[in-house]
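For reference, the structure is listed below as structure tokens.
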Amino acid sequence: MGPAAGLVALLAVLALRAGDPSGAAARGDTFSALTSVARALAPERRLLGLLRRYLRGEEARLRDLTRFYDKVLSLHEDSATPVSNPLLAFTLIKRLQSDWRNVVHSLEASENIRALKDGYEKVEQDLPAFEDVEGAARALMRLQDVYMLNVKGLARGVFQRVAGSAVTDLYSPRRLFSLTADDCFQVGKVAYDMGDYYHAIPWLEEAVSLFRGSYGEWKTEDEASLEDALDHLAFAYFQAGNVSCALSLSREFLLYSPDNKRMARNVLKYEKLLAESPNQVVAEAVIQRPNVPHLQTRDTYEGLCQTLGSQPIHYQIPSLYCSYETNSSPYLLLQPIRKEVIHLEPYVVLYHDFVSDMEAQKIRGLAEPWLQRSVVASGEKQLPVEYRISKSAWLKDTVDPLLVNLDHRIGALTGLDVQPPYAEYLQVVNYGIGGHYEPHFDHATSPTSPLYRMKSGNRVATFMIYLSSVEAGGATAFIYANFSVPVVKNAALFWWNLHRSGEGDGDTLHAGCPVLVGDKWVANKWIHEYGQEFRRPCSSSPKD
């Protein structure tokens, strides 16, 4: 198989039906890209229209019922109304024999609700699946962890980092949007169902608190109740080792539902456990955050997401500088690119205003119909994983002349051959709710990696373009080098993945931090070893 055929095979594996836009709208993947979440607004607008028509129908029906009620009531309130009047006597008998039956058995109410249900069923196939609710809930927990967010603050619509007694506002929305008790319950229940009581308890506690404050109020849209929240929270505390709290919450549950035999048995069980182990009355179990076995650098990673790490200031290290870059290319002589050297080892450069607003918007538009859930290599397979939440699409340069111009610009700036098979097609990525990509290498670290199917060597360099801005979060963190780069709209980040010897540079371990607020788009151009022999000559020194 030749290099070109190898490239096609690789991209077929990576893109997973990238040529079929119908697969891009798979249910259960809405949460994994903000553009898919935005598309979910359209079916809700249709549902609003259906509900508006239903309400108008019901208002007209209730007005007519009110008219009938007022008419009959006025006859009963008029003490001078004698049944001796044959007309009144007739109408009384008629009302009781037929009018009331017609009112009670009117089909208008069922016709109104049937129309609403029929309309919903037509829209239902376009709605997010339960897997999306789970994915969105896990995203809130991820943001809670990485940015040390306070659950009570999140429920009020406030994004605050809480570290001990220090509280820092990470983002101030123009409009506060608070979560309901049912919203908090659903987030807590997702964690509860996974056996993750570290996250379940604070969300269920907030749900219980909000349900208590609105007890007795009925909301049509709510799926849960105070009893549901107390039930789940009590068992979560029991599973976490806090029997005392479990008992207290179970007793409160019985105040609202005294006939629940299961809860009564739980109370007896907890009382017995406490009687046998009195120390548990005052003991508070320390609930450990679930470990992420594949992520050994979690603390460093999250610290870099919260700050910019040890990124030095340019005046402190003169070798870090800004300049106008042409790379001695005629293509850039009349319009040099603003270059900012971010780091030396590994060598990381930020090129400001590499694309225009119009170009970024067009690239996003070209990719959007083809977006599918991003995958990672797992042996010989490509699988969606929790540690990479985004959708991506691959764009050939034949799709639009803009992509040809973009390749020329990247080639001129880097001095590398960026044409297939020596580089991959442009990958465009849209991150989802709390979208992220935990620490990883861009280059292959295993000889069985699908990257080698291109027959053009490993990924020698990464050229990543920020196609949008975000309000908060989403930085690119280099873990071992201990610095991070915030999202800079229209800028491009470049780094070498391999030493000149061909060995992978371990210091390029990097991550896409979770997007706290905003819609993050990037475009990746991965350049391979082959074809660069005279553009970036090899060296036997491991330091080069």
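The values are calculated or read from the model by the stated rules, or taken from the named source; none is laboratory data. Keep in mind the model is a prediction, meaning the values are calculated, not measured. For neighbour counting, all protein chains shown are included, and Cβ atoms are generated from backbone atoms with ideal geometry for every residue, glycine included. Protein only, heavy atoms only, side chains kept; ligands, DNA and RNA dropped before computing areas. Shrake-Rupley method; radii C 1.70, N 1.55, O 1.52, S 1.80 Å.
Data for the structure
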{"quantity": "Filter pass, VAL460 being among the β-branched types (Val, Ile, Thr) and closer than 30 Å to VAL37 by Cα", "calculated": "no"}
{"quantity": "Which numbered condition SER468 misses (of (1) closer than 17 Å to GLU529 by Cα; (2) small (Gly, Ala, Ser); (3) assigned to a loop (DSSP other than H, G, I, E, B))", "calculated": "(1)"}
{"quantity": "Candidates GLU121, GLU134 - the one that is at pLDDT 95 or above and over 24 Å from LEU55 (Cα atoms)", "calculated": "GLU134"}
{"quantity": "Checklist (1) more than 28 Å from the chain's Cα centre (by Cα); (2) at pLDDT 95 or above; (3) open to solvent by less than 20 Å² (accessible area, probe 1.4 Å) applied to GLY474, failing item", "calculated": "(1)"}
{"quantity": "Pair list, Cβ < 7 Å and 6+ apart or interchain, from region 470-482 residues that are under 13 Å from VAL146 (Cα atoms) to residues that are in a loop (DSSP other than H, G, I, E, B) and among the hydrophobic types (A, V, I, L, M, F, W, C)", "calculated": "GLY473/CYS513; GLY474/VAL487; GLY474/CYS513; ALA475/VAL487; ALA475/CYS513; ALA477/CYS513"}
{"quantity": "Count of residues meeting criterion [of a type in the set (A, V, I, L, M) and surrounded by fewer than 23 Cβ atoms within 10 Å (Cβ to Cβ)] in region 168-207", "calculated": "5"}
{"quantity": "Qualifying helices (runs of 4 or more DSSP H) (wholly inside region 51-131; at least 3 residues being touching a residue at least 24 places away in the same chain (Cβ under 8 Å) and out of contact with any His (no Cβ under 7 Å at 6 or more places or on another chain))", "calculated": "108-123"}
{"quantity": "Some residue of region 46-57 being over 30 Å from ASP132 (Cα atoms) and modelled with pLDDT of 90 or more", "calculated": "yes"}
{"quantity": "Odd one out for LEU451, checked against (1) open to solvent by less than 30 Å² (accessible area, probe 1.4 Å); (2) outside any helix (DSSP H, G or I)", "calculated": "(2)"}
{"quantity": "Positions within region 520-537 being outside any loop (DSSP other than H, G, I, E, B) and of a type outside the set (Lys, Arg), in sequence order", "calculated": "TRP521, VAL522, ALA523, ASN524, TRP526, ILE527, HIS528"}
{"quantity": "Residue that is surrounded by the most Cβ atoms within 10 Å (Cβ to Cβ), among those in region 214-234 that are more than 25 Å from the chain's Cα centre (by Cα) and at pLDDT below 95", "calculated": "SER214"}
{"quantity": "Odd one out for VAL267 among (1) assigned to a helix (DSSP H, G or I); (2) among the β-branched types (Val, Ile, Thr); (3) within 26 Å of GLY153 (Cα to Cα)", "calculated": "(3)"}
{"quantity": "Test for VAL158: is it closer than 27 Å to SER36 by Cα and in contact with a Pro (Cβ under 6 Å, 6 or more places away or on another chain)", "calculated": "no"}
{"quantity": "Verdict on VAL428 being open to solvent by 30 Å² or more (accessible area, probe 1.4 Å) and over 21 Å from ASP505 (Cβ atoms)", "calculated": "no"}
{"quantity": "Residues of region 447-502 satisfying the condition of being closer than 19 Å to LEU344 by Cβ, touching a Lys or Arg at 6+ places or on another chain (Cβ under 7 Å) and of a type in the set (S, T, N, Q)", "calculated": "ASN497"}
{"quantity": "Some residue of region 399-408 being in contact with a Gly (Cβ under 9 Å, 6 or more places away or on another chain) and either without any contact (Cβ under 8 Å) to a residue 60 or more places away in the chain or open to solvent by 20 Å² or more (accessible area, probe 1.4 Å) (or both)", "calculated": "no"}
{"quantity": "Boolean, THR462 is β-branched (Val, Ile, Thr), part of a loop (DSSP other than H, G, I, E, B) and either out of contact with any strand residue (DSSP E or B) (no Cβ under 8 Å at 6 or more places or on another chain) or within 28 Å of PRO537 (Cα to Cα) (or both)", "calculated": "no"}
{"quantity": "Residue in region 189-211 that is among the acidic types (Asp, Glu) and over 28 Å from the mean Cα position of the chain (by Cα) present", "calculated": "no"}
{"quantity": "Single residue of region 341-371 satisfying the filter (open to solvent by 30 Å² or more (accessible area, probe 1.4 Å) and assigned to a strand (DSSP E or B)) that is modelled with the highest pLDDT", "calculated": "HIS352"}
{"quantity": "Per-region count, region 323-340, residues assigned to a strand (DSSP E or B) and of a type in the set (A, V, I, L, M, F, W, C)", "calculated": "1"}
